[in-house]
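Step one of this worksheet: look at the structure below.
A short reminder: the numbers here are calculations on the coordinates, not readings from a lab. Model, not experiment: these values are computed from the prediction. Reconstructed Cβ throughout: ideal geometry from the backbone, glycine too, with neighbour counts over all protein chains shown.
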Amino acid sequence: MQTLKKERRFETLSYLPPLSDAQIARQVQYILDQGYFAAVEFNETSNPTEVYWTMWKLPLFSANSVQEVLNEVQQCRSEYPNCYIRVIGFDNIKQCQTLSFIVHKPNSGGYRY
């Protein structure tokens, strides 16, 4: 039986091992395939009471490829290396965020692209 290291867990996919580059790309591809708009958000803390994160630019309405979204994540990480960064999928029909996952944790050393 494997036990998890004692560390703070964050929203979707947080109990899985860190996502590889290919897995992150597949999650972003799923967002685009569902017709959702991808967006990148960042926040300095991981306090659960802070439900509103700062949006990096506007949602990527014209993003047609995974690489466009990943490039925005990379730019956000370069600008704010000490922040948590997540990718969200926004459903414009339901007018709500349908999924999100963290792609960068500060001081984790585990950024993968």
Around Phe90 (Cβ within 15 Å, Cβ-to-Cβ, excluding Phe90; K/R +1, D/E -1) the net charge comes to -1
If each of Asn107 and Phe61 carries a label point 7 Å out from its Cα toward its Cβ, how far apart are those two points in nm? 3.9
Ordered by fewest other Cβ atoms within 10 Å, a rough proxy for footprinting exposure, Glu68, Glu79 read Glu79, Glu68
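Answer rounded, prolate or oblate for region 21-104, using the Cα gyration tensor with square roots of eigenvalues a ≥ b ≥ c: rounded when a/c is under 1.5, else prolate when a/b is larger than b/c, else oblate. If you can, show how the numbers build up before the last one.
On the way: a/c = 1.74, a/b = 1.24, b/c = 1.40.
Taking the square roots of the gyration eigenvalues as a ≥ b ≥ c, region 21-104 is oblate.
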Size of the dipole of region 21-104 about the Cα centre, Lys and Arg at +1 and Asp and Glu at -1 on the beta carbon, nothing else charged, in debye to 20? 100
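Once you list every other residue whose beta carbon is under 12 Å from the beta carbon of Ala38, what net charge do they have if Lys and Arg are +1 and Asp and Glu are -1?
Combined, the nearby Lys, Arg, Asp and Glu give -3.
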